[in-house]
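The values are calculated or read from the model by the stated rules, or taken from the named source; none is laboratory data. None of the values given here were measured: they were computed from a predicted structure. With ideal geometry, Cβ positions are generated from the backbone for all residues, glycine too; neighbour counts draw on all protein chains shown.
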Amino acid sequence: MSDTVYGLMNGILFNAVFMIAGLFISRCADLYNRKIILGSCTLFWSLMVSLSGLSTRYWHMILFRVGIALGMSASHPIAYSLIADYFHPTSRGTVIAIYSTGAFFGIGTSFALGSLTHVETSDWKHVLYYMGSKCINDELMRI
């Protein structure tokens, strides 16, 4: 896979799906139970991460990345809505800042831990499969 194709798949395609799906999922969150929608989307997101570790073709990876974008698109709108319900207006700014910092902390941690894995002994697909499977297990334990 070339850098251009990878950039298109993880840039334009992923963000377009994430943005458009976020609008529809936000509307569903206004009409239905947000916790169930968030749990379902997290489960779907984890399943797509795990399946992307099993991908053998380029179009598999595109399909799974679109699925990841669909699952992830529920996280921010529903989280902000739940924060607005559970926290007093005077503390919401701090809570949203802490929540938003989590994404950057997670990305930084993934780069730090990912650099510890050895390319000779480990494949990136194994990491996706393992982490996706672990998240599926965690989400099913919550149900």
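Numerical summary
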{"item": "Options ILE68, ILE36: the member that is under 24 Å from VAL5 (Cα atoms), part of a helix (DSSP H, G or I) and not polar (S, T, N, Q)", "result": "ILE68"}
{"item": "Criterion (in contact with an Asp or Glu (Cβ under 6 Å, 6 or more places away or on another chain) and part of a helix (DSSP H, G or I)) met by exactly one of LEU140, LEU128, LEU43", "result": "LEU43"}
{"item": "All positions within region 1-33 that are in a helix (DSSP H, G or I), among the aromatic types (Phe, Trp, Tyr) and free of Cβ contacts under 8 Å to residues at least 24 places away in the same chain", "result": "TYR6, PHE24"}
{"item": "Filter pass, ALA79 being aliphatic (A, V, I, L, M), in a helix (DSSP H, G or I) and within 14 Å of the chain's Cα centre (by Cα)", "result": "yes"}
{"item": "Positions within region 80-108 being of a type in the set (Phe, Trp, Tyr) and surrounded by 14 or more Cβ atoms within 10 Å (Cβ to Cβ), in sequence order", "result": "TYR80, PHE87, TYR99"}
{"item": "Test: residue in region 85-93 that is at pLDDT below 80 and either in contact with a helix residue (DSSP H, G or I) (Cβ under 9 Å, 6 or more places away or on another chain) or not hydrophobic (A, V, I, L, M, F, W, C) (or both)", "result": "no"}
